[in-house]
1. Consider only pairs whose beta carbons are under 8 Å apart and that are at least six residues apart or on different chains; among these, list those whose first residue lies in the stretch 75-86 and is farther than 14 Å from Leu44 by Cα and whose second residue is surrounded by 10 or more Cβ atoms within 10 Å (Cβ to Cβ) and small (Gly, Ala, Ser).
2. For the stretch 1-46, name all the residues that are modelled with pLDDT under 85 and hydrophobic (A, V, I, L, M, F, W, C).
3. Give the number of residues within the stretch 19-50 that are under 11 Å from Arg79 (Cα atoms) and hydrophobic (A, V, I, L, M, F, W, C).
4. Name the single residue, out of those in the stretch 80-101 being modelled with pLDDT under 95 and among the basic types (Lys, Arg), that is nearest to Thr61 (Cα to Cα).
5. Hey, could you check the stretch 75-100 for residues that are assigned to a loop (DSSP other than H, G, I, E, B) and touching an Asp or Glu at 6+ places or on another chain (Cβ under 8 Å) and say which is nearest to Glu30 (Cα to Cα)?
6. Looking at Arg38, is it under 13 Å from Val84 (Cβ atoms), basic (Lys, Arg), touching a strand residue (DSSP E or B) at 6+ places or on another chain (Cβ under 8 Å) and without any contact (Cβ under 8 Å) to a residue 60 or more places away in the chain?
7. Would you please name the residue that is surrounded by the most Cβ atoms within 10 Å (Cβ to Cβ), looking only at residues in the stretch 39-73 that are more than 13 Å from the chain's Cα centre (by Cα) and within 15 Å of Asp99 (Cα to Cα)?
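The values are calculated or read from the model by the stated rules, or taken from the named source; none is laboratory data. As the structure is a prediction and not an experimental result, all values here were calculated from the model. FYI the Cβ positions are ideal-geometry reconstructions off the backbone, even for glycines, and counts take in every protein chain you see.
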Amino acid sequence: MPNLVEIIKQAALEAFKESKPMEIIYGTVEKESPLEIRIDQKRLFTETFLVLSNAVKDFKTRININGVTQECIIYNSLRKNEKVILLRFHDGQKYLVLDRM
């Protein structure tokens, strides 16, 4: 017969799994502007639900070439039909677009 500690451990593990603290999902860019990513037939995420990492968006950075510091723009935005990796935040309302596949 399991002891009380084992029962509590099992209950905590099951509760943790049910809370789905993180989920990795894959999607396809349907539209560039405004950004839309399709996960499956029923789920289409718009910009409202997406947080973009620098790996999938245009951003400014400073570089130093031969002692001269300049600001440059990295053009890295997503294009239609690209496959992406997303992470669901704990509350399930937002998804981080990590990178392309």
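1. What qualifies is Asn76/Ala55.
2. The answer is Met1, Leu4, Val5, Ile7, Ile8, Ala11, Ala12, Leu13, Ala15, Phe16, Met22.
3. Qualifying residue count for the region: 3.
4. Restricting to residues being modelled with pLDDT under 95 and among the basic types (Lys, Arg), the top hit is Arg100.
5. Result: Lys80.
6. Spelling it out, Arg38 is indeed under 13 Å from Val84 (Cβ atoms), basic (Lys, Arg), touching a strand residue (DSSP E or B) at 6+ places or on another chain (Cβ under 8 Å) and without any contact (Cβ under 8 Å) to a residue 60 or more places away in the chain.
7. Looking at the filtered set, the residue picked out is Phe59.
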